[in-house]
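The values are calculated or read from the model by the stated rules, or taken from the named source; none is laboratory data. Since the model is a prediction, treat every value here as computed from it, not as a measurement. In this analysis, Cβ positions are derived from the backbone assuming ideal geometry, glycine residues included, and neighbour counts consider all displayed protein chains. Accessible surface areas use protein heavy atoms only, side chains included; no ligands, DNA or RNA. Shrake-Rupley method; radii C 1.70, N 1.55, O 1.52, S 1.80 Å.
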Amino acid sequence: MGPVRIIAGAGAGKTRTITRRIAYGIASGKWEPGRVLAVTFSVKAANEMKSRLAGLGVTNEVRAATFHSAALHQLRDVWSDICDGDFPYISERQTETVQRAVARALNMQDPDPVTVRDAHAEINWCKVSLIAPDDYARVCAGIGRTAPAGLDAQQFARVYTMYEQEKTSRNEIDFNDILLLASHVIEAFPQAARKIRSRIGWLTVDEYQDVSPLQHLLMTRWLGDNRNVCVVGDPAQTIYSFAGATSYYLTHFADEFAPLHANITLDRDYRSLPAIIHAANQVLSMSPERGDYLRLHAVREGRPNVTRIRYATDEEEARAVAHMIEQIVAHGGSAAQCAILTRINAQQPIFARALKERHIAYQRKRDTNWQQTALSDELREERERLMQAERENSAEAESAAESHMAHVGEDRAAAQIAKLEGLHVDHDGGKVTISTIHAAKGLEFDHVFLVGCSEGLLPFGALQDEDHIEEERRLMYVGVTRAQDTLHMSYAERKNGQISMRRAPSRFVI
């Protein structure tokens, strides 16, 4: 065997392909189940992979996990071999840590939430991009990046430094530290590296178009000299560039891992009807990067069922969408197979109200902390471990538990919601899904209503450079390709109550 790249378009059956590849490797006796690792980006995707593998008779020795979950298990496995101290706590309340860091670095008594939010996002971007505080100003000067929240590069570097100090003083690590620490352990401790690598004989990386430099670093550390790696992805579905993800590693995989054992393209869409696939191809057709994108080919047959509708106001758009969903249900369709996709969370309430007026049940999927979702099971286990220590009445353990629970107590409900969203658990059933496009990635619905298709919403924002426009184009493509049978794209000319300002249709709606 050797390096394999699979470029798989939307609806092309990539999960089926990679799970059957793993099942075949084990059934043929060429792969050892206990040394097979498949990594992806969400708990939902990892559990789907586990379910598919179990259905193929694959033993549960095969590990399917998120990057963060796999790295965390590896660290805990070798920690006692490399360190006498306790394993650090995983911070779930990073916003408070950033707030303290901003206050200290900028001598501000009560930093405003927007400054804290933007500083937090920039810290995460720095970490996944492998940029240390001391290097931040130089990197900004080199690539023309502007520090967030009106800060200059030196000010932000101080905030970043204080953030690291705040965590260290509390023996805490954040989600990105898990990957950084795992990479460091493999590089600095040869015995621990051998132990970790001995359990990774065959590595599969799903959604490879969305790996960050940090995840790529960890992947190469896992492999060492091992060349049994398969990556799967689609450059046209790269929608997390703002957070440090890049399709560079997917498109240049053949250069980095030459010679390849196989280079496979899956461009037949089994999900959507031809009119929907035609709309998806049109979204990408005007892209300056279209040479990197697959052109999908339909497998299913059916009549055209894509609409493009303009409404006068947001309220009219919401009520019309709710009425169409009501008609689908009245004619025997399922509310659970209907989705309203928005660009941002703020678009969702008006559609929720319109559905409520017609007594149609719904669930909302907002953009959440994807890193926390990627570790939801581990965070639950962490809380249970601390609570058990508290029950044992050990003074030392009780003190540690109380200290940590002070940090995580308020986040229990949020973490549970993130877990449910990550697993796409519809605990009541029969509900319309109102979701951002980002949160809907990996999902599919019979009927999709892609709303707010206007300039300023999709693409989002007023001032946009070429990279931003391209990311928004890919996001539109992801939204379109969630639809299986019907796709309704719409926008409202005016915001409710506004007369003078009119919206223009999105450049992506051809």
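Observations on the model:
- Most to least accessible of H323, H359, H68 (protein chains only, probe 1.4 Å): H359, H323, H68
- Cα→Cβ-extended label distance, 7 Å offset, between R117 and E96, nm: 2.0
- Largest accessible area first, the listed residues R100, R502, R319, R271 line up as R502, R319, R100, R271 when surface is computed with a 1.4 Å probe on the assembled protein chains.
- Computed from backbone phi, the HN-Hα couplings of segment 125-137 come to 4, 4, 5, 6, 8, 6, 10, 7, x, 5, 9, 4, 4 Hz, rounded to whole numbers (Karplus: 6.51 cos²θ - 1.76 cosθ + 1.60, θ = phi - 60°; Gly and Pro given as x).
- I264 accessible area, assembled protein chains, probe 1.4 Å, Å²: 60
- Each of C83, C126 has its accessible area taken with a 1.4 Å probe; listed largest first, they run C83, C126.
- Our estimate of slack between E466 and R310, defined as 0.36 nm per intervening residue step minus the Cα-Cα distance, is 53.5 nm.
- Using the Cβ-Cβ distance between N263 and Q109 with R0 = 41 Å, the FRET efficiency computed as 1/(1 + (r/R0)^6) comes to roughly 0.10.
- Surface composition of segment 92-169: carbon plus sulfur atoms contribute 48% of the solvent-accessible area (1.4 Å probe, protein chains only, all chains present).
- Lysine pair number, Cα distance threshold 19 Å (strictly under), the chain, separation 8 or more or different chains: 18
- Database remark: amide H of V299 closer than 5 angstrom to the amide H of D269 (H placed geometrically; neighbours at sequence offset of 5 or more, or on other chains; Pro and chain starts carry no H).
- Projected over all directions and averaged, the alpha-carbon convex hull of the chain occupies 26.3 nm².
- Computed from phi, the 3J(HN,Hα) profile of segment 103-117 under the Karplus parametrisation 6.51, -1.76, 1.60 (θ = phi - 60°) reads 4, 5, 5, 10, 6, 10, 6, 9, x, 6, x, 5, 4, 5, 4 Hz, with x in place of Gly and Pro.
- For A64, nonlocal amide neighbours, meaning residues 5 or more places apart or on other chains whose placed amide H falls under 5 Å from its own, are A38.
- The value obtained for segment 92-169, namely the Cα convex hull volume divided by the number of residues, is 85 Å³ per residue.
- Helix content alone sets the calculated 222 nm mean residue ellipticity of the chain: runs of n ≥ 4 DSSP H residues at -39500 (n - 2.57) each, divided across all residues, give -14500 deg cm²/dmol.
- Accessible surface, segment 145-277, averaged per residue in Å² (probe 1.4 Å): 39
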